[in-house]
Amino acid sequence: MKSLFSAISSLNQLIFFCVLGVTTFSMPTMANPIADLQDEVAKRDISPEDVDKAMRAKFPKSSFPYYALPNGCSSPVPSHWNIPFRNACNNHDKCYTTPGKSKIACDDKFLVEMSRICDPVGYGMDTVCQTAAVAYYKAVDEFGNSNYDAAQSNQLSYIRDVYEWLDTLRFTGVFKTNSYITTGISVTSSDRIKIEASGSVRFGMFAGSGTPNGIIINPVYNYFPDVPHGFLMARFRQPGMGDLDGWYPIGVGWDELREVKLPSQGILEFLVNDNQPGNNFGEFRIEVTIDSSKK
């Protein structure tokens, strides 16, 4: 393979052809997995710093949303053009890192950005600047394949690992009961929880049937007289609680995540407001979603 410097010298006469030939290049519109990842993290109220901490062991140079930060121009020999071309080099690094972006498109865009820096030029004669731009372009065009392949592979791996980590922060489960059930789920303060209950329970032979919002009958059959019979209750059981401590009405539940405020961890439990559940038929279906991402 011919050396970088011989390639540069042979290109001097092609400066204007290269620059003008690429100036009309237009990046195609395409999905951006990096932007999608940023949107998902923002939606869950997770800070970039939290993602970096979680990913640091496998990606020590990561800075969300990239597996490694752009590092400017990495010319093999010292060059004062590294400074004026820094932004173009950083954008080129990001382009290599964006899954699905082609190497050709990234390299061509790199030359366009450098040529714009040279016009008007603030670092000497315009022709000298354009010559340097073509040299930088030719370097990545001929010798950047391994860097491009590594950037694509590492970024895809990083995105996959971040999504897998996000999945560990969210739990969804379904529980069924017509009396009492403990979910076994430990919930901490600042967790966000959504509870959606449905179904129907027949409360004995004569009381009738009801939804998780209960029915009105003689309160003598209720654990909590001021709450309708059969109403679905919930609590986060803390150490030292009695059997009827800490319960509050849930009914059909909440259709959005609500942040929990607790003095310490608690176990999520559900109770049907019926103190004689042995003759109940049917069941309430309770879907629980817990998002632990907001810490």
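Here is how the numbers come out for the structure above:
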{"item": "28 Å tail of the calculated P(r), the chain, as % of Cα pairs", "result": "58"}
{"item": "Residues Phe64, Phe203, sorted so that the one with the fewest Cβ neighbours within 10 Å comes first", "result": "Phe64, Phe203"}
{"item": "Restraint check, Lys61/Lys109; Lys43/Lys94; Lys101/Lys138; Lys109/Lys138; Lys53/Lys261; Lys53/Lys109, Cα-Cα greater than 21 Å", "result": "Lys61/Lys109; Lys43/Lys94; Lys53/Lys261; Lys53/Lys109"}
{"item": "Size of electric dipole in the chain: Cβ of Lys, Arg +1 and of Asp, Glu -1, about Cα centre, debye, nearest 20", "result": "380"}
{"item": "For the chain, with +1 on Lys and Arg beta carbons and -1 on Asp and Glu, the positive-most of Pro33, Gly266, Met55 along the dipole", "result": "Met55"}
{"item": "Expected 222 nm ellipticity per residue - DSSP helices of 4 or more, -39500 (n - 2.57), all of the chain, to 500", "result": "-11000 deg cm²/dmol"}
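No value in this document is a laboratory result; all are computed from the given coordinates. A quick note: this is a predicted structure, and the numbers were derived from the prediction, not measured. Cβ sites come from the backbone with ideal geometry, for glycine too, and all protein chains shown count toward neighbours.
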